1. Any residue at all in the range 37-47 that is closer than 30 Å to Ala192 by Cα, small (Gly, Ala, Ser) and crowded, with 22+ Cβ neighbours inside 10 Å?
2. State which residue pairs qualify: first residue among the small types (Gly, Ala, Ser) and inside the range 62-76, second residue modelled with pLDDT of 85 or more and part of a helix (DSSP H, G or I) in any location, beta carbons under 6 Å apart, and separation of 6 or more residues or different chains.
3. Given the conditions (1) at pLDDT 95 or above; (2) out of contact with any Phe, Trp or Tyr (no Cβ under 9 Å at 6 or more places or on another chain); (3) under 17 Å from Leu72 (Cβ atoms); (4) not basic (Lys, Arg), and given that Trp114 satisfies all but one, which numbered condition is not satisfied?
4. State yes or no: is Gln124 surrounded by 14 or more Cβ atoms within 10 Å (Cβ to Cβ) and polar (S, T, N, Q)?
5. Within the group Leu62, Leu91, which residue is over 21 Å from Phe142 (Cα atoms) and not in a helix (DSSP H, G or I)?
6. Can you pull out every residue in the range 114-156 that is aliphatic (A, V, I, L, M) and within 19 Å of Val96 (Cα to Cα)?
7. Go through the range 19-43 residue by residue and tally those that are closer than 24 Å to Gln145 by Cα, among the small types (Gly, Ala, Ser) and in contact with a Gly (Cβ under 9 Å, 6 or more places away or on another chain).
Amino acid sequence: MRIIGIGGLSRSGKDTLAEFLIEKGYYGVSLGDIVRNASRQRHANEPDPISVANMTETANSLRHAKGADFALKEAVGKFEAAGGEAKYKGLLVFSVRAPAEADFILSHGGQLIWLVANDQVRYQRAMSALRKGEAQISFDEFQRQEGLQWNPQPGIPSQAQMNAEYVKAHSTATLDNSDNNLEKFKQAAQKALKL
């Protein structure tokens, strides 16, 4: 099975790249959506159930309880149920943020793309297009919450928690999406993925 993984921090362009690859014939599964839905339930009594902090806590908790690769197993199951390789060019998983996810993709001969974008650019994107369940926060708070995805959290096995540094270090290619030029971004993706 051909598999492509997309990692990156909030609003770095993961969904944009995923949409492009889905148009190219890949079956896409957002690991972020799996966690986002669980976080909405888990933090339902809070004003911002899908904040970066709540999503990080939810993802770490789910991986710890269900296994570090639980979201990937769900993604592979969806891919196979939808027709698998007979129907699609391959499986695309996006919002990769845990070591187990990166290792799974690479162990299957897949490509792992890390997206970067300037912190201020990502913050402006986030605040101008808040999802239901996100709250307006300061730039300092935005950076503080994202720090939870870089620094290992105590009490959770390292393979089961978010570790953006690990995913970034193990990526097979890095794409910059800071300038909001969609055509340039797509061309860079085509080149990196040899589409």
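1. Looking through the range 37-47, none of the residues is closer than 30 Å to Ala192 by Cα, small (Gly, Ala, Ser) and crowded, with 22+ Cβ neighbours inside 10 Å.
2. Close Cβ pairs satisfying both conditions: Ala68/Ala100; Ala71/Leu31; Ala71/Ile34.
3. (3)
4. For Gln124, the condition - surrounded by 14 or more Cβ atoms within 10 Å (Cβ to Cβ) and polar (S, T, N, Q) - is met.
5. None of the other options fit; the residue is Leu91.
6. Passing the criteria: Leu115, Val116, Ala117, Ala126, Leu148, Ile156.
7. 1
Rundown of residues vs (1) in a helix (DSSP H, G or I); (2) at pLDDT 95 or above; (3) of a type in the set (S, T, N, Q); (4) at positive phi, yes/no style:
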residue	(1), (2), (3), (4)
Gly28	no, yes, no, no
Gly32	yes, no, no, no
Ala38	yes, no, no, no
Glu46	no, no, no, no
Thr58	yes, no, yes, no
Ala75	yes, no, no, no
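The values are calculated or read from the model by the stated rules, or taken from the named source; none is laboratory data. Not measured: the values here are computed from a predicted model. Cβ coordinates were reconstructed from backbone atoms using ideal geometry, including for glycine residues, and neighbour counts include every protein chain displayed.
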